[in-house]
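Okay, so here's the structure we're looking at.
The values are calculated or read from the model by the stated rules, or taken from the named source; none is laboratory data. Computed from a predicted model, the values in this text were never measured in an experiment. FYI the Cβ positions are ideal-geometry reconstructions off the backbone, even for glycines, and counts take in every protein chain you see. In case anyone asks, the SASA skips ligands and DNA or RNA and just uses the protein heavy atoms, side chains included. Shrake-Rupley method; radii C 1.70, N 1.55, O 1.52, S 1.80 Å.
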Protein chains: 2
Amino acid sequence: MENGPLDETPLFRPAILKEIDFTKASVKFNPPVSPTNPGEDLLMRPLCQADYDKGFMELLKQLTVVGDIPKEQFLARYNQMKKCPNTYYVTVIEDTSVGKIVATGTVVVEQKFIRGCAERSRLEDLVVDDTYRGKQLGKLLFQTLFILSEHLGCYKCSLECLPSNVAFYEKFGIEKDPQLFMQYRFKKTQ
Amino acid sequence: MENGPLDETPLFRPAILKEIDFTKASVKFNPPVSPTNPGEDLLMRPLCQADYDKGFMELLKQLTVVGDIPKEQFLARYNQMKKCPNTYYVTVIEDTSVGKIVATGTVVVEQKFIRGCAERSRLEDLVVDDTYRGKQLGKLLFQTLFILSEHLGCYKCSLECLPSNVAFYEKFGIEKDPQLFMQYRFKKTQ
């Protein structure tokens, strides 16, 4: 059991978000925003344990089914991710004026033997709080994670996408692949 | 630099392949084969470092671009995978009569916060040596990895698949998803 305030240690090295070359952005931002300047009272940074109390899990419920996750379960998952070096880049945007997580998205890196022992990334679980629409946060976060993937040395970045969202991703140069996305659900309720 | 014979420590706990309930197989095998009995002189097991000298990387070249990977680079990648707990299940089939890796496939597990802090799996880099066709090895390996995904507790298993291979995967109950697979290559040569 945790007692007292939760740890603010970042899930990954925060400087990475400052090191990426945002001039590589393939979309325009108006007004101009960036990972280091996402907007008034807004801060982009790695996930930390304390984000459980800042509404991180509630935000994910705007994306999909989450369930009611006790703090211990969240911390266990966080620590499991942390034990996988250079793999999970769960990134959040916090509204520091109210201490609330208002956007999140994740880069997951997969290590390969093919293609010269390459690495590829996947973009997962991107969501912006409904009440923070119109602030370019989805576009900013996605562009950041996309450039981060290249910065991390990945040869390829991919995602699964509903047909209704294709136009959003095509703006960044991401294209429909000739391959099909196929899946099977073992737990039909999830 | 490594000297002497390479390590035969398995990448993951070998007993897992024996623990899975192969009666859950959704396809028939004739003659009957299984993870514990894949055929005469054949052995299914986790990847180990010594597989570098048993043609593991040459086998991957039958799947896609690999390049000439020095032993040190292979070992570095292997060790990086090993440092990520419960993530990489690179599985091989060896022809023990000649000490050669003749098939391989990988389950990669991704940890999530959504869906009750769930885990999902992806099936990657499945290939069978051309000269070992007709021995049901692709079907056996895929069926094993698919059941392994469920055994590991994943709520979902997915893969990317060329249209020409859809029929193969549909035999296992895996379906085309309404989502599209989209990607971007940072390194156009890879």
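Quick one: B:Asp41 ticks every box in (1) in contact with a Ser or Thr (Cβ under 7 Å, 6 or more places away or on another chain); (2) within 14 Å of chain A (Cβ to nearest Cβ); (3) more than 20 Å from B:Ile16 (Cβ to Cβ) except a single one, so which number is it?
Going through the list (1) in contact with a Ser or Thr (Cβ under 7 Å, 6 or more places away or on another chain); (2) within 14 Å of chain A (Cβ to nearest Cβ); (3) more than 20 Å from B:Ile16 (Cβ to Cβ), B:Asp41 breaks only (2).
Condition check ((1) under 20 Å from A:Leu137 (Cβ atoms); (2) assigned to a strand (DSSP E or B); (3) open to solvent by 10 Å² or more (accessible area, probe 1.4 Å)) across all residues:
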| position | (1), (2), (3) |
| --- | --- |
| A:Asp7 | no, no, yes |
| A:Arg13 | no, no, yes |
| A:Ser26 | yes, no, yes |
| A:Gln62 | yes, no, yes |
| A:Cys84 | no, no, no |
| A:Val98 | yes, no, yes |
| A:Val107 | yes, yes, no |
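Determine which member of the set B:Asp129, B:Asp125 is touching a helix residue (DSSP H, G or I) at 6+ places or on another chain (Cβ under 7 Å) and facing chain A (nearest Cβ under 7 Å).
Answer to the selection: B:Asp125.
Being exposed (fewer than 15 other Cβ atoms within 10 Å of the Cβ), closer than 23 Å to A:Phe22 by Cβ and either touching a residue at least 60 places away in the same chain (Cβ under 8 Å) or at the interface with chain B (Cβ under 7 Å from one of its Cβ atoms) (or both) is the filter here, so list the residues in segment A:145-185 that pass it.
Those that are exposed (fewer than 15 other Cβ atoms within 10 Å of the Cβ), closer than 23 Å to A:Phe22 by Cβ and either touching a residue at least 60 places away in the same chain (Cβ under 8 Å) or at the interface with chain B (Cβ under 7 Å from one of its Cβ atoms) (or both): A:Lys171, A:Gly173, A:Glu175.
Go through (1) touching a strand residue (DSSP E or B) at 6+ places or on another chain (Cβ under 6 Å); (2) over 22 Å from A:Thr64 (Cβ atoms) for A:Ser158 and report which single condition fails.
Among (1) touching a strand residue (DSSP E or B) at 6+ places or on another chain (Cβ under 6 Å); (2) over 22 Å from A:Thr64 (Cβ atoms), the lone unmet condition for A:Ser158 is (2).
Looking only at residues in segment B:28-39 that are assigned to a loop (DSSP other than H, G, I, E, B) and under 25 Å from B:Cys154 (Cβ atoms), which one is most open to solvent (accessible area, probe 1.4 Å)?
B:Lys28
Could you check, for segment B:40-52, whether at least one of its residues is more than 27 Å from B:Cys157 (Cα to Cα) and assigned to a strand (DSSP E or B)?
No, there is no match, as no residue in segment B:40-52 is more than 27 Å from B:Cys157 (Cα to Cα) and assigned to a strand (DSSP E or B).
Tell me the residue from B:Lys83, B:Lys54 that is of a type in the set (Lys, Arg) and in contact with a Lys or Arg (Cβ under 6 Å, 6 or more places away or on another chain), please.
B:Lys54
What number goes with the only condition from (1) under 16 Å from the mean Cα position of the chain (by Cα); (2) open to solvent by 30 Å² or more (accessible area, probe 1.4 Å); (3) within 30 Å of A:Lys28 (Cβ to Cβ) that A:Arg133 does not pass?
It is condition (1) that A:Arg133 fails.
Which pairs turn up if I take residues in segment A:14-31 that are under 13 Å from A:Phe146 (Cα atoms) and hydrophobic (A, V, I, L, M, F, W, C) and look for partners that are assigned to a loop (DSSP other than H, G, I, E, B) and open to solvent by 70 Å² or more (accessible area, probe 1.4 Å) with beta carbon separation below 7 Å, at least 6 apart in sequence or on another chain?
What qualifies is A:Val27/A:Lys171.
What are the pairs, 6+ residues apart or on separate chains, where a residue within segment A:65-76 that is under 17 Å from B:Tyr155 (Cβ atoms) has its Cβ under 7 Å from a residue that is part of a loop (DSSP other than H, G, I, E, B)?
A:Val65/A:Gln190
Inspect all residues belonging to segment B:125-139 and state whether any of them is among the basic types (Lys, Arg) and over 27 Å from B:Leu42 (Cα atoms).
Scanning segment B:125-139, I find no residue that is among the basic types (Lys, Arg) and over 27 Å from B:Leu42 (Cα atoms), so the answer is no.
Can you tell me which residues in segment A:71-87 are farther than 30 Å from B:Tyr52 by Cα, out of contact with any Phe, Trp or Tyr (no Cβ under 9 Å at 6 or more places or on another chain), facing chain B (nearest Cβ under 10 Å) and not aliphatic (A, V, I, L, M)?
A:Gln73
Residues of segment A:88-117 being in contact with a helix residue (DSSP H, G or I) (Cβ under 8 Å, 6 or more places away or on another chain), facing chain B (nearest Cβ under 9 Å), under 17 Å from A:His151 (Cα atoms) and β-branched (Val, Ile, Thr), which ones?
A:Val90, A:Thr106
Give just the number: which of (1) in a strand (DSSP E or B); (2) closer than 19 Å to A:Asn165 by Cα; (3) facing chain B (nearest Cβ under 9 Å) does A:Arg120 not satisfy?
Condition not satisfied by A:Arg120: (2).
Going by what's in this entry, would A:Pro46 be described as open to solvent by less than 10 Å² (accessible area, probe 1.4 Å) and under 19 Å from A:Phe146 (Cα atoms)?
yes
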